[in-house]
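Throughout, read-outs are computed from the coordinates displayed, never taken from laboratory work. Predicted, not measured: the structure shown is a model, and the values here were computed from it. Methodologically, a virtual Cβ is constructed for each residue, glycine included, from the backbone with ideal geometry; neighbour enumeration extends over all protein chains shown.
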Amino acid sequence: MYDTTVRPTLSALFMGFFTVGICGFGGVLPWARWMMVERRRWLTGAEFTDLMGLCQFLPGPNVINISVALGARYHGALGSVVAFCGLMAAPIVIIIVLAIVYDRFHEVPWVRDGFIGLAATASGLVLSMALKMAAPLWGRPVAIVVALATFGAIVGPRWSLLTVLAVMAPISVLIAWRGRL
């Protein structure tokens, strides 16, 4: 991927996350990764995966945590606020407009079908992002086994996220500490 990253300005942080908020409505994380790694090169693919792992442990939506962490990385608290506001500005307006449209026209078949299509598109974006995030694991068989075991624990017996984290986090940290992950 890229060996170097670019330091964004405050306006670039706002506009980058504003674009994510507009383009990624319903599936923001794939757009956030694309914008930060592939388009603007603020992070490498590996750095994004590491940041995403950290942000999954924090309370709240992952992409908001990423915006706050990335803003802080480059511009401290002000960068966090700017990135967060950029991310949230468009979706707040969009969700209010969509709620009004849905409330008024939810019985119209093409409106109902349109909302079903939005859900399907968002699911596809999430799957696409998951595959991109898994790319750094190829060639690391122990990491793949840990990822598959984690996925299996959630999907198979349907353990809660807290249970899976309580079991898998210490295991993966131990394996990484021993240098095998």
Starting at the first residue of segment 11-22, write each ³J(HN,Hα) from the Karplus equation 6.51 cos²θ - 1.76 cosθ + 1.60 with θ = phi - 60°, in whole Hz, x for Gly and Pro. 5, 5, 4, 4, 5, x, 6, 5, 4, 4, x, 6
Which one, 117, 79, 16, has the greatest fluctuation when you compute a Gaussian network model over the chain with C-alpha springs under 10 angstrom? 117
Please report the Cα spread of the chain along all three principal axes, rounded to whole Å, starting with the longest. 58, 43, 27
Which three semi-axes in whole Å describe the equivalent ellipsoid of segment 139-181, each the square root of 5 times a Cα gyration tensor eigenvalue, listed largest first? 20, 12, 4
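To the nearest 0.05, how large is the calculated FRET efficiency for residue 173 and residue 97 if R₀ is 30 Å and r is the Cβ-Cβ distance?
After rounding, the FRET efficiency stands at 0.10.
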Per the rule of 0.36 nm per residue minus the C-alpha distance, extending residue 89 to residue 144 adds in nm 16.1 nm
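How big is the charge dipole of the chain about its Cα centre, in debye rounded to the nearest 20, if each Lys and Arg gets +1 on its Cβ and each Asp and Glu gets -1 on its Cβ? Working shown, then result.
On the way: 13 positive and 7 negative charges, 86 e Å.
In debye, rounded to 20, the chain gives about 420.
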How far, in degrees from 0 to 90, does helix 45-57 lean away from the longest principal axis of the Cα atoms of the chain, to the nearest 10? 80
In sequence order, what are the phi-derived ³J(HN,Hα) couplings for segment 79-94 according to the Karplus relation 6.51 cos²θ - 1.76 cosθ + 1.60 with θ = phi - 60°, rounded to whole Hz, with x for glycine and proline? x, 4, 5, 5, 5, 4, 4, x, 5, 8, 4, 5, x, 4, 5, 4
The ³J(HN,Hα) series, computed from each phi in segment 58-67 with the Karplus coefficients 6.51, -1.76 and 1.60 at θ = phi - 60°, rounded to the nearest Hz and given as x for glycine or proline, is 7, x, x, x, 4, 5, 5, 4, 5, 4
Take each of the peptides 56-67, 87-98, 149-160, 41-52, average the number of other beta-carbon atoms within 10 Å over its residues, and list them starting from the highest. 41-52, 56-67, 87-98, 149-160
Whole-number percent relative contact order across segment 10-138, with pairs defined as alpha carbons under 8 Å at least 6 apart: 34
Once you order the gyration tensor axes a ≥ b ≥ c over the Cα atoms, which shape class does segment 1-82 get: rounded for a/c under 1.5, otherwise prolate or oblate by comparing a/b with b/c? rounded
